[in-house]
Amino acid sequence: MKSFLAIAALLAAAPAGAAQRFAVIAGNDEGAQGRARLWYAERDADRMASAVRELGDFSAENVVVLRGKGAAEVRAAIAGLDARVLQAKAGGDRTLLFFYYSGHAGASGLELGASRIPYEELRALINASAADTKVAIVDACDAGRFTQTKGATFTASVDFTLPADEVEGTAFIASSAAGEAAQESSAIGGSFFTHHFELGLRGAADADGDGQVTLAEAFRYTSIRTTSGTAATEAGPQHPTYDIRMSGRGDVVLADLRRAEATLRLPADAGAMFIVRGPKNLLAEIPGSKEALALALPAGRYTVERRSPSGYATTEVDLERADVRTLPTLSPTRYDRARQKGGPASVVAFAGGGITAAPLPGFGIAPAVRGGVRKELGDLGLRIHAEVARKDVSDDGLRYSFWSASGAAALVMPLLDGTVFLEGGLLGGYTFAAQSVSGGASFTGGGPIAGGVLQATTRVGSIRFGLDLQAEARFFRLNDAAVVRPGASLSLVALFNP
């Protein structure tokens, strides 16, 4: 690929009248006949528009957003802004045109529903703009034909050559190479490329910590994150490409973090991953680094998760307008560390109440209370618990009181690790029961139990809550005969550190 030229700072915070910036941002979920409807192309356009208006110093009247529109509307929007560009230049302002598209594309060009814009025509439309500097981004399949990048060898690290003096020219950016699929994900709620590009603009790409995100920084960050994020998908890794033809020295500043509604500073924490969820469907996954990182975010309430080999921790942060908040150090709780592979040993207590079913005629279900402890043993956990149940039973006119006490030990292992943590395993134990017939004799007995257990929990504040399900075979004597009958219990439990 051609070396990536860094470009002069036209989008930096600047005195009034020094520069004007114009944008056409388009998204279309529909493609040519037979194409599957995309999930997030139009949402991608909304997010990009919000980011550049908030952080890129684009005035609202200079940003045209097209959702679900065709080729004619895109052509008209670019042409319509050109008159305003010429007017700004006549007043002595330097100008920039920013074009963005998310949607379907093929070998012949952009597919906006039933209409088309060939790649060569799009390049000609951008090049024909009177703006001093043009930046055009296409997030679509086969978009490498827009940058005319056909090489088979790609690298996530880019060398940036700096020409000399003031900048003019065009930068074409594509989310994929020629012949590659541009992928979107329901987990992140958008396309991989646009998702990471937006996060880059919000500060994740600010490699030098100067509070500004340049085109070079944004592309470098997005390229690395997009390629790594798609490496394990069915379609395979996606490689963003570029074609930069400019003269000048410096770099285009795409985002000034000082313009943000609010700022959340992540502490230096190399090796960790921060998951940030907030308003406007914002989802961010930010790798920790050796230096503190500032994120430019809309005001609102955020949930922040910290994940690392040592475990998991979470907190909530409220950001008001103009807030600059530093995230406190998040340390995994002992329980959360315990469920991480190779984490240190830990003891967790749990207690709760629910129902149990006993294998006796007419019994049905009875209320029960359960409690126990869990200790990590390498990749497995050892849990020991006890349960007590009582019920007054009527069986064909025979009334009796029943109570039981059982104890069991189980070896469990993680089955699902995420917002909901699920673990399960095998158990063995013993149950002791007693029957007291109204006005008659009492009977006692007991026997072993064997079965399985599942526990699903999620964090609420500093405590985990969840469901504990146990199913087993119970061995006991009934009417002087040895029998095996099924039994089960379900409890709502709380887990905490003793």
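Just a yes or no: is a residue in the stretch 456-475 at pLDDT 85 or above, open to solvent by 80 Å² or more (accessible area, probe 1.4 Å) and within 29 Å of residue 308 (Cβ to Cβ)?
Within the stretch 456-475, one or more residues are at pLDDT 85 or above, open to solvent by 80 Å² or more (accessible area, probe 1.4 Å) and within 29 Å of residue 308 (Cβ to Cβ).
Say whether the condition of being in a loop (DSSP other than H, G, I, E, B) and buried (at least 19 other Cβ atoms within 10 Å of the Cβ) is met by at least one residue in the stretch 296-312.
no
Which strands (runs of 3 or more DSSP E) sit wholly inside the stretch 1-118 and have at least 2 residues that are hydroxyl-bearing (Ser, Thr, Tyr), closer than 19 Å to residue 176 by Cα and at pLDDT 90 or above?
Hits in the stretch 1-118: 94-106.
Name the pairs: first residue in the stretch 283-300 and within 14 Å of residue 271 (Cβ to Cβ), second residue open to solvent by 20 Å² or more (accessible area, probe 1.4 Å) and part of a strand (DSSP E or B), Cβ to Cβ under 6 Å, at least 6 apart or on different chains?
Cβ pairs passing all conditions: 287/273.
Just give me the residues in the stretch 264-274 being within 17 Å of residue 325 (Cβ to Cβ), open to solvent by 20 Å² or more (accessible area, probe 1.4 Å) and not in a loop (DSSP other than H, G, I, E, B), in sequence order.
265, the sole residue that qualifies.
Taking the stretch 363-377 as the region of interest, how many residues are open to solvent by 40 Å² or more (accessible area, probe 1.4 Å) and either touching a helix residue (DSSP H, G or I) at 6+ places or on another chain (Cβ under 7 Å) or within 20 Å of residue 487 (Cβ to Cβ) (or both)?
4
Would you be able to tell me the number of residues in the stretch 378-397 that are farther than 17 Å from residue 468 by Cα, open to solvent by 80 Å² or more (accessible area, probe 1.4 Å) and in a strand (DSSP E or B)?
Total satisfying the criteria: 2.
Looking at the stretch 45-63, can you tell me whether even one residue there is surrounded by fewer than 21 Cβ atoms within 10 Å (Cβ to Cβ), touching a helix residue (DSSP H, G or I) at 6+ places or on another chain (Cβ under 7 Å), among the hydrophobic types (A, V, I, L, M, F, W, C) and closer than 28 Å to residue 284 by Cβ?
Yes: one or more hits.
Tell me whether the stretch 247-257 contains one or more residues that are of a type in the set (Lys, Arg), open to solvent by 10 Å² or more (accessible area, probe 1.4 Å) and part of a strand (DSSP E or B).
Checked against the condition, which is being of a type in the set (Lys, Arg), open to solvent by 10 Å² or more (accessible area, probe 1.4 Å) and part of a strand (DSSP E or B), the stretch 247-257 yields no hits at all.
Are there any pairs, at least 6 apart or on different chains, whose C-beta atoms fall under 6 Å, with the first in the stretch 56-85 and closer than 22 Å to residue 215 by Cα and the second assigned to a helix (DSSP H, G or I) and charged (D, E, K, R), and if so, which?
Note: pairs meeting the criteria are 63/53.
Of the conditions (1) out of contact with any Gly (no Cβ under 9 Å at 6 or more places or on another chain); (2) open to solvent by 30 Å² or more (accessible area, probe 1.4 Å); (3) polar (S, T, N, Q), residue 129 satisfies every one except a single condition; which number is it?
Just one mismatch for residue 129, condition (2).
For residue 145, work out the one condition from (1) at pLDDT 90 or above; (2) closer than 22 Å to residue 35 by Cα; (3) open to solvent by 10 Å² or more (accessible area, probe 1.4 Å); (4) charged (D, E, K, R) it doesn't fulfil.
The number of the failed condition is (1).
Taking residue 216, is it over 24 Å from residue 103 (Cβ atoms), more than 20 Å from the chain's Cα centre (by Cα) and assigned to a helix (DSSP H, G or I)?
The answer is yes for residue 216.
The values are calculated or read from the model by the stated rules, or taken from the named source; none is laboratory data. Remember, predicted model here, so these are calculated numbers, not experimental data. Don't worry about glycine lacking a Cβ; one is built from the backbone with ideal geometry, like all the others, and counts go over all protein chains shown. All accessible areas refer to the heavy atoms of the entire protein, side chains included, with ligands and DNA or RNA removed. Shrake-Rupley method; radii C 1.70, N 1.55, O 1.52, S 1.80 Å.
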